[in-house]
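A quick write-up on the structure given underneath.
Every read-out reported here was derived from the displayed coordinates using simple, explicitly stated rules and does not represent laboratory data. Model, not experiment: these values are computed from the prediction. Note: ideal-geometry Cβ built from the backbone for every residue, glycine included; neighbour counts use all protein chains shown.
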Amino acid sequence: MDNPTTKLDWTRMLGFEQIADGRGATGQAQRAPLEAKVGGKPTPTIDARIGAKVGSKPVDIGTKIGAKIGTKPGPV
Amino acid sequence: MHFEPSAERGAALDIRMRARLADTLDYVFDEAGDELRVSPAEARRAGAEIRAASQSPNRFGAYYDMVLALEDNDIERARGMAREVLIPAGAREMRVAAIGDRAGGEAARYRRMLMNDPAMLHDCDAALLASAEARIVAAFDLLDRGFPAMANEIRALLREVVIAEGPEDPKAPTFDGASSYMLWGATLLNARGQTNVLDTAQALAHESGHNLLFGFCVSGSLVENSDEELFSSPLRQDARPMDGVFHATYVVARMHQTVSRLLEAGVIDDESMPGALADLAAHRRNFAAGDQVIRDGGRLTPLGTEVIESARSYMAGCGEPRGIRAGQLAIGQARR
């Protein structure tokens, strides 16, 4: 069976268009959720949580897709 | 681009986002439909449904799960997600519901996509859920009376207001609300995050503002900064990517606009007045702080420039709400 991803041009797909601009940016889809602090102050411990988040899933996925796009001549 | 909310603007963005999803699904099913076991007729039907009417945020989420499963070469999971994408999911009216009030897979998706640490999200007990739902109803009533354009834009943008409970421990990391690009039309509110109707009205303006920005940048980013570049944010103590600072700054202006219009309309009661004035002053300070970070470090796209200029123009021109006395403003400023 073919691997479907070899057929797909991610830059034509909702949420992943930014890969097309050559900046190596992740698509909108991989951006972390936006968590609001409407009132009050964030607790100090939130720093650790966000720090872990920035280095984990969203970046991992973006890096993987970015690497894939970057190592192939283009969509097939 | 203008800063004023409107139902027409919200509806237009929803149509555009749905058209992009439908076009994307046409493309994906055309290229990989055989592997995904989606027939051309099924693909055509799904595209037609999505173009025709507002959809559940879950249908967007299922699409993202499908293509990310493909990226992981997990074809069985991608097939399962494709079946979910094909399920009709029209959502003409905005729904307010607990995060657990949906099928198991959908609830898990919402937890995962709306929060980086899903363990922070808990199902509310019945009393807390009822009080949160009542506050949301009252907040829309307040907006309808004092700033109907905002109420109508929120209804046009949001298909679901999702309620969950954050940690009870006051020292634990928590949240007030959340939005995700992958769940277009959904916003999460912490049942413990707001304690009064005015706060809830502001939270709705805030979170729908994130969805508004998602809609603006459906085909491109607001900023050129990478997500690894971190900056101080007006709303959080932790450093944020410029995209997050941009979002926070824009939605702060939207909150200022909301409080200002409610004050001008005379719908803020005496008990809430000191808090409203304090919020107004805080929003002005926070906007200035966030905007300075953007001016210093932001590399904005033409779209981003246009969007933030609309907020700057609003903040520069809004002045203080009509009918509010200087002494009242001083009291509000002293509270924060």
Bridge orientation stat for the range B:64-202 from DSSP, antiparallel percent rounded to 5, came to 25
Test of understanding: ordering B:T174, B:T187 by Cβ neighbours within 10 Å, fewest first, what list do you get?
B:T174, B:T187
Enter the angle in degrees (range 0 to 90, nearest 10) between the Cα long axis of helix B:7-36 and the first principal axis of the Cα atoms of chain B, meaning the one along which they spread out most.
20
Between the range B:11-53 and the range B:232-291, what is the separation of their alpha carbon centroids in Å?
38
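Relative to the compact globular guide of 2.2 N^0.38 Å, what is the alpha carbon radius of gyration of the range B:1-123, as a ratio?
The range B:1-123 yields a ratio of 1.14.
Size of the dipole of chain B about the Cα centre, Lys and Arg at +1 and Asp and Glu at -1 on the beta carbon, nothing else charged, in debye to 20?
Once rounded to the nearest 20, the dipole reads 740 debye.
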Fully extended, how many nm does the chain gain between B:R37 and B:R285 (0.36 nm per residue separation, minus their Cα-Cα distance)?
83.8 nm
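Suppose we take every Cα in the range B:235-296 and form the convex hull; what volume per residue is that in Å³?
So the per-residue Cα hull volume is 73 Å³.
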Could you check which residue among B:P321, B:P302, B:P148 shows the biggest mean-square fluctuation in a GNM of chain B with a 10 Å Cα cutoff?
B:P302
For the range B:173-241, what is the relative contact order in percent, using Cα pairs closer than 8 Å and at least 6 residues apart in sequence?
23
If each residue of separation counts as 0.36 nm, what is the full-extension length gain between B:A130 and B:A103 once their alpha-carbon separation is subtracted?
7.7 nm
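In square nanometres and to one decimal, what's the mean projected area of the convex hull around the Cα atoms of chain B?
For chain B, averaging the hull's shadow over all directions gives 17.2 nm².
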Over the range B:119-266: Kirkwood hydrodynamic radius from C-alpha pairwise inverse distances, Å
16.1
The range B:66-207 - percent relative contact order, Cα under 8 Å, separation 6 or more
25
Based on DSSP, what percent of beta bridges with both residues in the range B:121-264 are antiparallel, to the nearest 5?
50
Binned Cα-Cα distance frequencies in the range B:179-323 - 10 Å width, integer %
11, 40, 35, 12, 1
Which angle between 0 and 90 degrees, to the nearest 10, do you get for helix B:57-71 versus the longest principal axis of chain B when only C-alpha atoms count?
50
Counting every C-alpha pair in the range B:75-141, the percent lying more than 14 Å apart is 72
For the range B:261-324, the dipole about the Cα centre with charges only on Cβ (Lys and Arg +1, Asp and Glu -1), to the nearest 20 debye, works out at 340
For residues of B:234-245, the mean tally of beta carbons on other chains within 10 Å
5
Take peptide B:167-180, look around each residue's Cβ out to 10 angstrom, count Cβ atoms belonging to other protein chains, and average those counts.
5
